[in-house]
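Nothing in this text is a laboratory measurement; each read-out follows from the coordinates by a stated rule. What you are looking at is a predicted structure, and each value in this text was computed from that prediction instead of being measured. Heads up, the Cβs are rebuilt from the backbone with ideal geometry, glycines too, and the neighbour counts pull from every protein chain shown.
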Amino acid sequence: MEKRGQFYLIATIIITAIIIGFAAVVNYSEEKSSVKIYELGEELKIESEKILDYGIYNELDETGMDALLTNFIGNYSKYSEEKDLYFIFGNRENITVIAYQESEDEIYVDVGTGNNKLDISNGKGRDEFSNVNEAIITIRGIGYKFEIKNGENFYFVISQEIEGERYVVTN
């Protein structure tokens, strides 16, 4: 009789182990690579504010501010690999749009005069526009709208594809 009880005990342990094994397989999830694009967006917000403050504090004229921001954007684009970066900066009198991209997407900029295709060669593009109150940059059919305020403005769109999903950060 005692052997019969041991059989049921061993059978229960085996069935429990099988159920726990199935539960572990069903609940298993693969860790995806962390999306650092959001961290880069936060860093860019902070750094761009400091760059603008530096330019304003040192009373840089439009040409000096353009050179300062273009240099900053160039250095930043080297730091953030495998991402598409789009920047809009300037004031209502004159804004500059700069793009660094890995993808082959067509980019359009609308400043109230209709869509203007941004000419991108070797992954870089730049265009300037005058008398702007609002700018819309269209990437992959999605428009990102930026209000150009009085004073110096700095906006960005960072886009990256990770494992088939597109992540976008903007300010």
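Only helices enter the 222 nm calculation for the chain: every DSSP H run of n ≥ 4 contributes -39,500 (n - 2.57), and dividing by all residues gives -13000 deg cm²/dmol, rounded to 500. Taken as Cα centroids, the range 45-70 and the range 93-171 sit 19 Å apart, rounded to the nearest whole angstrom. Computed from Cα positions, the angle between helix 2-27 and the longest principal axis of the chain comes to roughly 10 degrees.
Among the listed pairs Lys50/Lys149; Lys117/Lys145; Lys50/Lys117; Lys124/Lys145, which are separated by more than 27 Å between their Cα atoms? Kindly include the intermediate steps, with their values, before the conclusion.
Values: Lys50/Lys149 18 Å; Lys117/Lys145 16 Å; Lys50/Lys117 31 Å; Lys124/Lys145 21 Å.
In this structure, Lys50/Lys117 exceed 27 Å between Cα atoms.
For the range 88-155, GluC sites (Glu not before Pro) are listed when DSSP marks them as loop and at most 13 other Cβ atoms sit within 10 Å of their Cβ; the list is Glu93, Glu104, Glu106. Can you give me the Rg/Rh ratio for the range 37-170, using Cα atoms for both radii and the Kirkwood formula for Rh? Here Rg/Rh amounts to 0.94. Helix 62-79 and the longest principal axis of the Cα set of the chain meet at an angle near 20°.
The C-alpha atoms of the chain define a longest principal axis, and helix 37-57 lies at about 20 degrees to it. Excluding same-chain neighbours fewer than eight residues apart, the aspartates and glutamates reachable from Lys36 by a Cα-Cα span under 13 Å are Glu81, Glu82, Glu161.
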